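Okay, so here's the structure we're looking at.
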Amino acid sequence: MAPQTIVVIGGLDADLIMIASRIPDRGKATCHKRAEPGGGGSDGSDSDGSDSDGSDSDGIAIKMIGAVGDDRYGAKFMDELSRNGVDTSGIVTVPDLVTMIETAGNAGIDFCLNAAPATPIGRRFYRHLTHLLVNESEAATMSGRDRDEVNEESWPAIAQEFLDRGVKNVVITLGAKGAFYANADGPSGNCPAYEVVVKDSTGAGDTFTGAYSSDFLRQKAKGTWDIKSAVMRVNKAAAMTIRSVGAQDGIPWSDEIDRFDALYKTPANPRAASTVGIAE
């Protein structure tokens, strides 16, 4: 029989399996006893599964086409596939986050980095960021500060550091204190939080990022950009999200955000709000 090849194209993911003494209760957390890394991704498993199914003895070769990162998990994945007889010549090793940032920047594509979790990047890459969204802990990590150095007095200085590195727009989310914004063209300030009844804060940060990106594109299509109005709007979106249980059920549609002022009371000052859906 002529040689035959099964080519698997798709994802290669590293699994990190947490072994705990019990399943966490609803809304609670539990500590794990140990963590066991392993290869994953349905397509990576397909390639190993095909090979372990006697393919080699049947004269069937297995080839994987995909991509891995340049970290230890990517290297381990490549070793495991090769050891199992999988042809890895079609797998590309992609550097890391900065590859995406630089590629987008060189192509003139607006890039919004929601640094969660925070990963310090080289200074030369900041100039490719149209937007940088961080909470206070992430701002500390990316600016080389201790967490307790990030406070109301230091927000402007930290934001200015990022602007000096080339970022066009910076937003620091502050939990119940709202969000601080700064723009390369000058405007900066703190948008207060909105007072709502909190049921579940899950997904509020993601809602903030998504609503912010959407409002940027909406304004850009009109030839305008007002970062303050954008942050005020997405603060509303995040506040609406935490009124429902679950990561997605409470995410509001655009027209629902438009009706926010008619439905909820706006705090008179930054300290008036006791709750908000943006993680600190």
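Read-outs: derived from the displayed coordinates by stated rules, not from any lab. Keep in mind the model is a prediction, meaning the values are calculated, not measured. Using ideal geometry, Cβ is built from the backbone for each residue, glycine included, and neighbour counts are taken over all protein chains shown.
Here the extension length gained between Leu263 and Lys228 equals 10.5 nm, from 0.36 nm per residue of separation less the Cα-Cα distance. A simple spin-label model places the labels of Thr119 and Thr93 1.6 nm from each other, with each point 7 Å out along Cα-to-Cβ. Working from Cα pairs under 8 Å separated by at least six residues, relative contact order for region 98-234 is 17 percent. When peptides 207-218, 99-110 are ranked by their average number of other Cβ atoms within 10 Å per residue, the highest-first order is 207-218, 99-110. Couplings for region 230-238, taken from phi via the Karplus curve 6.51 cos²θ - 1.76 cosθ + 1.60 with θ = phi - 60°, read 5, 5, 4, 5, 6, 4, 5, 4, 5 Hz in order; Gly and Pro are left as x.
Counting only other residues whose beta carbon sits under 12 Å from that of Phe111, what net charge do I get with K and R as +1, D and E as -1?
Numbers: positive: Arg127, Lys168; negative: Glu102, Asp110.
After counting each charged neighbour, the total is 0.
In the frame of its principal axes, region 71-162 has Cα extents of 58, 33, 17 Å, reported largest first. Exposure proxy ranking for Trp225, Trp155, based on other Cβ atoms within 10 angstrom of each Cβ and starting from the fewest, stands as Trp225, Trp155. Measuring r between the beta carbons of Asn151 and Asp255 and using R0 = 30 Å, the FRET efficiency lands at 0.25. If I take R0 = 22 Å and measure r between the Cβ atoms of Ala29 and Ser137 in this structure, what FRET efficiency does the formula 1/(1 + (r/R0)^6) give, to the nearest 0.05? Computed FRET efficiency for Ala29 and Ser137 comes out at 0.80.
Using unit Cβ charges (K, R positive; D, E negative) and no other charged atoms, how large, in debye to the nearest 20, is the dipole of region 98-263 about its Cα centre? If you can, show how the numbers build up before the last one.
Details: 17 positive and 22 negative charges, 86 e Å.
Once rounded to the nearest 20, the dipole reads 420 debye.
With neighbours defined as other Cβ atoms within 10 Å of a residue's Cβ, the residues Cys191, Cys31 order from fewest to most as Cys31, Cys191.
Counting 0.36 nm for each residue step from Thr5 to Asp164 and taking away their Cα separation leaves a gain of 51.9 nm.
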